[in-house]
Amino acid sequence: MLNEPWMSRAYDPCTERYSEVYFNHPEVQKALHANVTGISYPWRTCSEIVGDNWTDSPLSMLPIYKELIAAGLKIWVFSGDTDAVVPVTATRYSIDALKLPTVINWYPWYDNRKVGGWSQVYKGLTFVTVTGAGHEVPLHRPRQAFILFRSFLENKPMPS
């Protein structure tokens, strides 16, 4: 494992390779009911095959969020604050476009008396950031991701 001062000791840059090996094991695919059609190529993370061939997806998730919120489902959107793929600012602009009433304004949430990120609760949607996490929040900040997931399951705002 690399020992770079800028990289968390918990982060293993080979995780993507481990995932590809694991998810291509036939017994794993069987357990997950995956590859039931017997595709001829291996599963890969961030494969362009889906992006290039999936033509029935919407250009934006916002209409789907509106539909789910109207049906009474609670939506949680989360983002690592160092995510260069889907930046927090872009996500906030997108959520603002939904014009949802704010229930709890932008506030810091905490993990062991340290800021774990920021959150805002809207009617039907909660937005959470995770401090120091990139695009794959559970990979970069597993403890904070667990707190986020637990709060979602318990239908509670992030701890303040």
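The values are calculated or read from the model by the stated rules, or taken from the named source; none is laboratory data. Keep in mind it's a predicted model, so treat the numbers as computed, not measured. When we count neighbours, we look across all protein chains shown, and the Cβ atoms used for this are built from the backbone with ideal geometry, even at glycine. Ligands, DNA and RNA are stripped out before the accessible areas are found, and what is left, the full protein with its side chains, is counted by its heavy atoms. Shrake-Rupley method; radii C 1.70, N 1.55, O 1.52, S 1.80 Å.
Mind listing whichever residues of segment 77-95 are closer than 13 Å to residue 128 by Cβ and open to solvent by 80 Å² or more (accessible area, probe 1.4 Å)? Scanning segment 77-95 gives a single hit, 78. Criterion applied to 103, 128, 121, 115 was being closer than 30 Å to residue 157 by Cα, in contact with a Leu (Cβ under 7 Å, 6 or more places away or on another chain) and assigned to a strand (DSSP E or B), and the one residue passing it is 128. For residue 151, the requirement of being open to solvent by less than 80 Å² (accessible area, probe 1.4 Å), polar (S, T, N, Q) and not in a strand (DSSP E or B) is met. Does segment 56-73 contain at least one residue that is of a type outside the set (A, V, I, L, M) and closer than 24 Å to residue 139 by Cβ? No, there is no match, as no residue in segment 56-73 is of a type outside the set (A, V, I, L, M) and closer than 24 Å to residue 139 by Cβ. State yes or no: is residue 128 open to solvent by 60 Å² or more (accessible area, probe 1.4 Å) and under 23 Å from residue 68 (Cβ atoms)? Answer is no for this residue.
Looking at segment 102-122, can you tell me whether even one residue there is over 29 Å from residue 46 (Cα atoms), touching a helix residue (DSSP H, G or I) at 6+ places or on another chain (Cβ under 8 Å) and open to solvent by 20 Å² or more (accessible area, probe 1.4 Å)? Checking segment 102-122: not a single residue is over 29 Å from residue 46 (Cα atoms), touching a helix residue (DSSP H, G or I) at 6+ places or on another chain (Cβ under 8 Å) and open to solvent by 20 Å² or more (accessible area, probe 1.4 Å). Contact annotation: residue pairs with Cβ atoms under 7 Å, 6 or more positions apart or on different chains, pairing a residue in segment 88-102 that is on the phi < 0 side of the Ramachandran plot and in contact (Cβ under 8 Å) with a residue 24 or more places away in the chain with a partner that is outside any helix (DSSP H, G or I) and polar (S, T, N, Q), are 88/79; 88/129; 91/79.
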